[in-house]
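The values are calculated or read from the model by the stated rules, or taken from the named source; none is laboratory data. From a predicted model like this one, the values you see are computed outputs, not experimental measurements. Here the Cβ is made from the backbone with ideal geometry for all residues, glycine too, and neighbour counts use every protein chain on show.
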Amino acid sequence: MLNYLWGLMILTGIFWGAANGNLDAVTKGLIDSSKESVELGLVMLGIMSFWCGILEVGNRAGLVDWLTKKAGPMMDFLYPGLPKDHPARQPMAVNMIANILGLGMAATPAGLAALKALQQNRDEEKDRQTATNTMCTFLIINISSLQLVPINMIAYRSQFGSSNPMAIVGPALIATFCSTLAAVIFCKIMDMKSRRGKAVPKK
Amino acid sequence: MMEWISRMLTPFIISYIVGFGILSDRPVFDDFLAGAREGMKTVAGILPTLIGLLAAVGTLRASGFLDTLSIWLETPASWIHLPSPLIPLVLVRLVSNSAATGLALDIFGRYGPDSFLGIAASVIMSSTETVFYCISIYFGSIHITKTRYVLPGALLATAVGIGASILLAG
């Protein structure tokens, strides 16, 4: 799916630019974006390595174990098939909590570690390119946005002279709750379908 | 108050973890280095995905296709009460966080952060994620190509988030 999408994005951009006579702008956009992505990568390299280091300190001191236990009931509800001693359980809990607190740069490395552990410990070894139900749920919940307080947007709003930058906290909380609820319901339905063996993985 | 809590959160968590490590008699700097080394490997691993995706987004944006798409989508968007100035934001939100932030700030500048559009943009940015970016980075890292129902599920959650944002802003 991503292969088609990516190809389509590149080709649409170039053909559209050519048809409208701004091919130079497209070339410039392409080069500039690749350059910017490396700059972004460098920023991520610094911040994410730092968070990984801090998380490892917490991990080896036993804090992460404690946190995973605390998040247990929520994890059991979201991922009923995941064994208590699954190696992905810890990073998944850390990812969820970091997301709720709005620490995106700490959430990403934990999320990547979680998926790696899920991939290495999957039941069906045959088709390693297909996402498992747990992976799907994990990703959809992640994308549904879990952040409680949108600190970045609040800061931008006050920069632009908002009379009440905090006015969005309540609405954002409700909207985040709605999108996460929709995600959970959707994943539960898909889980039920594939348990009945009706769902045939597409593509 | 809430803003203060949010601002204190990161320093609090870091000092709590490091303090806890020292009290548990751990070699905290060695532990930190081991984790940071892993983190560097992780970022290096996702860098190709990042470059490919952002280059594709940059191409699409520079070609003017997104602007045209926004014009095409004006009528269907009005059926679901999506104001036309928010269409580019909603589209770009799916692929790039920084580009979407740029568009949100543009809306703040043009209509004011306390206007209906300003509040709707703020809430949309707060209750949605970069769908395609997340899927590429996460699944790319473990070479998953068959993503099954992730995209429909993620788009559904995003659509619900956007719908709720517009209702709540109005």
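Please verify whether the range B:100-116 includes one or more residues that are free of Cβ contacts under 8 Å to residues at least 60 places away in the same chain, closer than 18 Å to A:SER179 by Cα and either at the interface with another protein chain (Cβ under 8 Å from one of its Cβ atoms) or not in a helix (DSSP H, G or I) (or both).
No, the range B:100-116 contains no residue that is free of Cβ contacts under 8 Å to residues at least 60 places away in the same chain, closer than 18 Å to A:SER179 by Cα and either at the interface with another protein chain (Cβ under 8 Å from one of its Cβ atoms) or not in a helix (DSSP H, G or I) (or both).
Of the numbered conditions (1) among the β-branched types (Val, Ile, Thr); (2) surrounded by 17 or more Cβ atoms within 10 Å (Cβ to Cβ); (3) more than 10 Å from chain A (Cβ to nearest Cβ), B:VAL95 fails exactly one; give the number of that condition.
Only one criterion in (1) among the β-branched types (Val, Ile, Thr); (2) surrounded by 17 or more Cβ atoms within 10 Å (Cβ to Cβ); (3) more than 10 Å from chain A (Cβ to nearest Cβ) is unmet by B:VAL95, namely (3).
Quick check: anything in the range B:142-152 under 30 Å from A:ASN20 (Cα atoms), at pLDDT below 90 and surrounded by fewer than 16 Cβ atoms within 10 Å (Cβ to Cβ)?
No: the range B:142-152 contains no residue that is under 30 Å from A:ASN20 (Cα atoms), at pLDDT below 90 and surrounded by fewer than 16 Cβ atoms within 10 Å (Cβ to Cβ).
List, please: which pairs have Cβ atoms under 7 Å, are six or more places apart or on different chains, and start with a residue in the range A:135-161 that is farther than 14 Å from A:LEU118 by Cβ and end with one that is at pLDDT below 85?
Sorted first by the residue in the range A:135-161, then by its partner, the pairs are A:GLN147/A:GLY102; A:LEU148/A:GLY102; A:VAL149/A:GLY102; A:VAL149/B:MET2; A:VAL149/B:SER6; A:ILE151/A:GLY102; A:ILE151/B:SER6; A:ILE154/B:GLU3.
Okay, residues lined up against (1) surrounded by 16 or more Cβ atoms within 10 Å (Cβ to Cβ); (2) closer than 24 Å to B:PHE132 by Cα:
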{"position": "A:ASN59", "(1), (2)": "yes, no"}
{"position": "A:GLY62", "(1), (2)": "no, no"}
{"position": "A:PHE77", "(1), (2)": "no, no"}
{"position": "A:PRO83", "(1), (2)": "no, no"}
{"position": "A:PRO87", "(1), (2)": "no, no"}
{"position": "A:VAL94", "(1), (2)": "yes, yes"}
{"position": "A:ALA98", "(1), (2)": "yes, yes"}
{"position": "A:GLY102", "(1), (2)": "yes, yes"}
{"position": "A:ALA117", "(1), (2)": "yes, yes"}
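Out of all the residues in the range B:11-24, is one or more touching a residue at least 24 places away in the same chain (Cβ under 8 Å) and of a type outside the set (A, V, I, L, M)?
No.
Could you give me the residue pairs with C-beta distances under 8 Å whose first residue belongs to the range A:55-72 and is in contact (Cβ under 8 Å) with a residue 40 or more places away in the chain, whose second residue is hydrophobic (A, V, I, L, M, F, W, C) wherever it lies, and which are 6+ apart or on separate chains?
Note: pairs meeting the criteria are A:LEU55/A:VAL64; A:LEU55/A:VAL94; A:LEU55/A:ALA106; A:LEU55/A:ALA110; A:LEU55/B:ILE17.
Looking only at the range A:1-29, count every residue that is loosely packed, with under 14 Cβ neighbours inside 10 Å and within 30 Å of A:ALA131 (Cβ to Cβ) and tell me the total.
Of the residues in the range A:1-29, 5 are loosely packed, with under 14 Cβ neighbours inside 10 Å and within 30 Å of A:ALA131 (Cβ to Cβ).
On the given criteria, is B:PHE32 of a type outside the set (D, E, K, R), over 24 Å from B:MET125 (Cα atoms) and modelled with pLDDT of 95 or more?
Judged against the criteria, B:PHE32 is a match.
If a residue counts only when it is of a type outside the set (S, T, N, Q) and within 19 Å of the chain's Cα centre (by Cα), which helices (runs of 4 or more DSSP H) contained entirely in the range A:54-108 have at least 2 such residues?
Here the list reads A:72-78, A:89-101.
Test each condition in (1) surrounded by fewer than 23 Cβ atoms within 10 Å (Cβ to Cβ); (2) closer than 20 Å to B:VAL150 by Cβ; (3) modelled with pLDDT of 90 or more for A:PHE138 and report the one that comes out false.
The number of the failed condition is (1).
Please specify each residue of the range B:37-55 satisfying the condition of being free of Cβ contacts under 8 Å to residues at least 12 places away in the same chain and either more than 28 Å from A:PHE15 (Cα to Cα) or surrounded by 21 or more Cβ atoms within 10 Å (Cβ to Cβ) (or both).
Hits for the range B:37-55 are B:ARG37, B:GLU38, B:GLY39, B:MET40, B:LYS41, B:VAL43, B:ALA44, B:ALA55.
(1) at pLDDT below 90; (2) at the interface with chain B (Cβ under 7 Å from one of its Cβ atoms); (3) out of contact with any Asp or Glu (no Cβ under 8 Å at 6 or more places or on another chain): which one isn't true of A:SER158, the others all being true?
(2)
Which residues, counting only those in the range B:29-73, are closer than 16 Å to A:GLY41 by Cα, more than 7 Å from chain A (Cβ to nearest Cβ) and polar (S, T, N, Q)?
The answer is B:THR49, and nothing else.
Tally the residues that are of a type in the set (Phe, Trp, Tyr) and within 17 Å of B:LEU168 (Cα to Cα), restricting the search to the range A:169-188.
1
Residue under question is A:LEU55, and the condition is that it be at the interface with another protein chain (Cβ under 9 Å from one of its Cβ atoms), modelled with pLDDT of 85 or more and surrounded by 22 or more Cβ atoms within 10 Å (Cβ to Cβ); does it hold?
Answer is yes for this residue.
Conditions (1) in contact with a His (Cβ under 9 Å, 6 or more places away or on another chain); (2) within 22 Å of A:TRP51 (Cβ to Cβ); (3) more than 8 Å from chain B (Cβ to nearest Cβ), marked per residue:
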{"position": "A:PRO91", "(1), (2), (3)": "no, yes, yes"}
{"position": "A:ASN95", "(1), (2), (3)": "no, yes, yes"}
{"position": "A:GLY102", "(1), (2), (3)": "no, yes, no"}
{"position": "A:ALA110", "(1), (2), (3)": "no, yes, yes"}
{"position": "A:LEU115", "(1), (2), (3)": "no, yes, no"}
{"position": "A:ALA131", "(1), (2), (3)": "no, no, no"}
{"position": "A:MET135", "(1), (2), (3)": "no, no, no"}
{"position": "A:LEU148", "(1), (2), (3)": "no, yes, yes"}
